[in-house]
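Shown next, in structure tokens, is the structure this report addresses.
Bear in mind that the values in this text are calculations on the coordinates, not laboratory data. Remember, it's a predicted structure, so these values are computed and weren't measured experimentally. We place every Cβ from the backbone using ideal geometry, glycine too, and count neighbours over all the protein chains shown.
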Amino acid sequence: MNQAAPKTQADVAANLALINARIQAAAKLAGRDPSQVRLVAVSKFHGADRILQALAAGQRSFGENRVQEAAAKWPLLRPNWPECKLHLIGPLQTNKTKQAVMLFDVIETLDRPKLAHALADAISATGKSPEIFVQVNTGDEPQKAGVLPRAADGFIAQCRGGFGLKISGLMCIPPAEQDPAPHFALLAEIAKRNSIEKLSMGMSGDFETAIACGATHVRIGAAIFGARP
Ligand SMILES: *Cc1c(COP(=O)(O)O)cnc(C)c1O
């Protein structure tokens, strides 16, 4: 037997087992049912070999942040894993909306009327209807995507009433240098008053806090796949 084989961060299955155990523990600590928290494994920048390791270990939900990259990787993988769910977690340009609607099961980054309009068109043109989450820029950061918190209620109403979109979740990425808890709480509050059930919040560094605040989806990349190449 190899003695002291270095524990590399390449061990996707072991990393997944550890993350799943931490999700369970965090949910229990918060008095929540662990099955109500879904792990979205963020596979951006990682190739099919790494993704296959996660699939073989039982992981079924994945996140990608670019349409082009997902379009290059996933059509080859998906036919063998029909129950797999693919989430778009990065900004969506309107000219890629149709492609995104064909490719993704969940689009988490709706944040402007022009995109809502394009999504509604793409859904009726393709007959596909991915789940749609609205991204909220909880930190009011000028460089970050997402609708501003003060505009969220109006935008959600416009998506529903004006464009006929079903909004089933909210997503946020808190400012890097701040305590994420108030941002997660703000997202949960906006969801509650708009009767939205799903909350995509929490990444490798803060998912336990997010679960305590009600996350239904945590998006975890580095802690599963290691540092991005
Ligand atoms: C990359 C990314 C993640 C995963 O971040 P990690 O720190 O690697 O867990 C989560 N959400 C979004 C929107 C991302 O772009």
Quiz item: Comparing A191, A70, A30, which has the greatest mean-square fluctuation in the GNM of the chain with Cα pairs linked when under 10 Å apart?
Solution: A30
Quiz prompt | Gap separating the Cα centres of segment 13-40 and segment 66-128, nearest whole Å | solution = 27
Self-check item: Paramagnetic label zone (point 7 Å from Cα along Cα-to-C-beta, F45; backbone N under 17 Å) in segment 65-107
Solution: 65-70, 89-91
Practice problem: Take K85, project a point 7 Å from its Cα along the Cβ direction, then tell me which residues of segment 48-75 have their backbone nitrogen under 15 Å from it. | Solution: 59-64
Quiz item: What aspartates and glutamates could a cross-link reach from K96, if we take a straight Cα to Cα line under 17 Å and drop same-chain neighbours fewer than 8 places away?
Solution: E64, E69, D105, E108, D111, D121, E131
Self-check item: Computed helical MRE - 222 nm, the chain, DSSP H runs ≥ 4 contributing -39500 (n - 2.57), nearest 500
Solution: -11500 deg cm²/dmol
Quiz item: In the Gaussian network model of the chain, springs joining C-alpha atoms below 10 Å, which of L199, L165, L76 carries the largest mean-square fluctuation?
Solution: L76
Quiz item: For the residues R38, R78, what sequence is obtained by ranking on other C-beta atoms within 10 Å, fewest first?
Solution: R78, R38
Quiz item: What's the extension gain from K144 to D105 if we count 0.36 nm per residue and subtract their Cα-Cα distance?
Solution: 11.7 nm
Quiz item: Do the alpha carbons of any pairs in K44/K166; K85/K166; K85/K144 sit beyond 23 Å of each other, and which pairs?
Solution: K44/K166; K85/K144
Exercise. Go through segment 208-223 residue by residue and turn each phi into a ³J(HN,Hα) via Karplus (6.51, -1.76, 1.60, θ = phi - 60°); whole Hz please, and just put x for glycine and proline.
Key: 5, 4, 4, 5, 4, 8, x, 4, 9, 9, 10, 10, 10, x, 4, 5
Quiz item: Top mean-square fluctuation among A176, A125, A54, Gaussian network model of the chain, C-alpha springs under 10 Å?
Solution: A176
Quiz prompt | Within segment 34-88, GluC sites (Glu not before Pro) in DSSP loop having at most 14 other beta-carbon neighbours inside 10 Å | solution = E83
Quiz item: What is the distance, in nm, between label points placed 7 Å from the Cα along the Cα-to-Cβ direction at E177 and at L77?
Solution: 3.5
Quiz item: Based on the Cβ-Cβ distance from Q68 to H117, what FRET efficiency comes out when R0 is 22 Å, to the nearest 0.05?
Solution: 0.50
